[in-house]
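Worksheet: the structure to be examined is printed underneath.
Read-outs throughout are calculated quantities, based only on the coordinates presented, and are distinct from any laboratory measurement. Owing to the predicted nature of the structure, the values given are computational and were not obtained by experimental measurement. FYI the Cβ positions are ideal-geometry reconstructions off the backbone, even for glycines, and counts take in every protein chain you see.
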Amino acid sequence: MVNVGHGRTRVADALRRQAATLAYCVSNVFANQPALELAGRLAQLTPGDLNNFQFTSGGSEATEVAIKLARQYHLARGNESKHLVIARWQSYHGATLGALSATGMISRRAKFKPLLLDFPHAAPNNCYRCPFGKEYPTCEMACANDLEQVILRTGPERVAAFIAEPVVGSAGGAIPPRPEYFPIIREICDRYDVLFIADEVITGLGRTGRNFGIDHWGVVPDLMTMAKGLSGGYAPLGAVAISDRVASEFREKRVAFDHILTYGANPLATAAACEVLEILVEEGLVERAARLSEGFLARGKRLLAHAIVGDVRGVGLLMGVELVRDRATKEPFPPDARAAAVVAGEALRRGLVLYPSSGTADGVAGDHFLICPPLTIGEAELDLLFEILDESVAAAELRLKVRAEPILTT
Ligand SMILES: Cc1ncc(COP(=O)(O)O)c(C=O)c1O
């Protein structure tokens, strides 16, 4: 999230300069300088032909925009019936209703189910808890190939797009795919004229040690959403990168994208992001994340010394720790034990902010927490981070065992 770190006065200065020049203009009538500059800077970082941009106020809006772009793309090509977006279980794409319809977290969907669109969901990629009970590599990538089954069941003529996080973030705890996963997904999407949307809201802008998470697998999506690291937390901002292939359908058919946001391409937010991207490039923070990556995960894996830690995984400076009541059977804690929240509470008391989440095992039970420090984190801070983490997990283990005992004996 705060990829370039807190307290960067350069970004504060950029915000002040922009506020004194042009704080606002309506984006469907006027272009503005910082938004144009940001598009140019981003095009240097995005893979392949993802050279066109729509700017939003955050990640959920970016998902909404991607969904509507996919729909309008197919309409422009005369494919009236293509409208559904396939997502995966164990995924998070945002809190607004379209984005929540794609989201595959049972717990976050439950209360709003009657309001959600009927988007189909495919199997998640999760080797620690394979949804097919198989093992890699003899699984023959059943999880990736499940997308084809879902497309065929739904009817390819009704499917507009497939959306996935390159590394599953808050819904799964930093679950990386196998190397074959996204190349297979790309092939299936192409076979059925389905746009591939990469949700890079967490993984984008250096978090995984590459510009974008999907870069690890050499795959170019048709649409790519991003937020968090784009402005590094200094302003509310999201974006959708659009491939030239998709954009040209709009241009050639002289179709406008039918979507307006009051704060779309906001000059203040985009000015902050220009400065953030300059810092990212100037200080080589993406390369820094890549350099730190191996040691970061290796130190995280030392947490396996604690009995309640079932798995530690991640890419770059994005790490997830899954908690279990029994490591041998991978049995999760009961949801009311709130295991991840207990660890996060212990960490917060010691000065470390973690991102706890639940539903990791089956959508309801299961706990994990994410660790995603600024890409500027220094060696001494890393030492402190892992010291606090180790103490916090140990303290939580004592508390959770006490809580779990009555359940074990009934
Ligand atoms: C992968 C992913 N997509 C979308 C979103 C939604 O972004 P926002 O909270 O900025 O609306 C998030 C937020 O955490 C996310 O992690």
Neighbourhood net charge (11 Å Cβ-Cβ; Lys/Arg +1, Asp/Glu -1) for E80: +3
Within the under-14-Å Cβ sphere about C143, not counting C143, Lys/Arg +1 and Asp/Glu -1 give a net charge of -2
Once both labels are modelled 7 Å past Cα along the beta-carbon direction, what's the T329-M1 spacing in nm? 3.6 nm
Given charges of +1 on the Cβ of Lys and Arg and -1 on the Cβ of Asp and Glu, with all other atoms neutral, how large is the dipole of the chain about its Cα centre, in debye to the nearest 20? 660 debye
Number of Lys-Lys pairs in the chain under 22 Å by Cα, sequence gap 8 or more or different chains? 9
Using alpha carbon centers only, the range 57-125 is separated from the range 309-348 by a whole-angstrom value of 28 Å
C-alpha center-to-center spacing [the range 369-397, the range 235-308] in angstrom: 24 Å
Ranked output for segments 93-100, 348-355, 283-290 by mean other Cβ atoms within 10 Å, highest leading, reads 93-100, 283-290, 348-355
Helix-only mean residue ellipticity at 222 nm for the chain, each DSSP H run of n ≥ 4 adding -39500 (n - 2.57), per residue, nearest 500: -12500 deg cm²/dmol
Rounded to one decimal in nm, the spacing of the 7 Å Cα→Cβ label points at A20 and R245 is 4.7 nm
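Looking at the square roots a ≥ b ≥ c of the eigenvalues of the Cα gyration tensor of the chain, which shape do they give, rounded for a/c under 1.5, prolate if a/b is larger than b/c, or oblate?
Here the chain falls in the oblate category.
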Rounded, prolate or oblate, given the Cα gyration tensor of the range 125-278, with a/c below 1.5 counting as rounded? oblate
Would you calculate the separation in nanometres between label points at L382 and L115, each defined as 7 Å from the Cα along the Cα-to-beta-carbon direction? 4.3 nm
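Sequence gap at least 6, Cα distance under 8 Å: using those rules, report the relative contact order of the chain to the nearest whole percent.
Dividing the mean separation by the residue count of the chain yields 21 percent.
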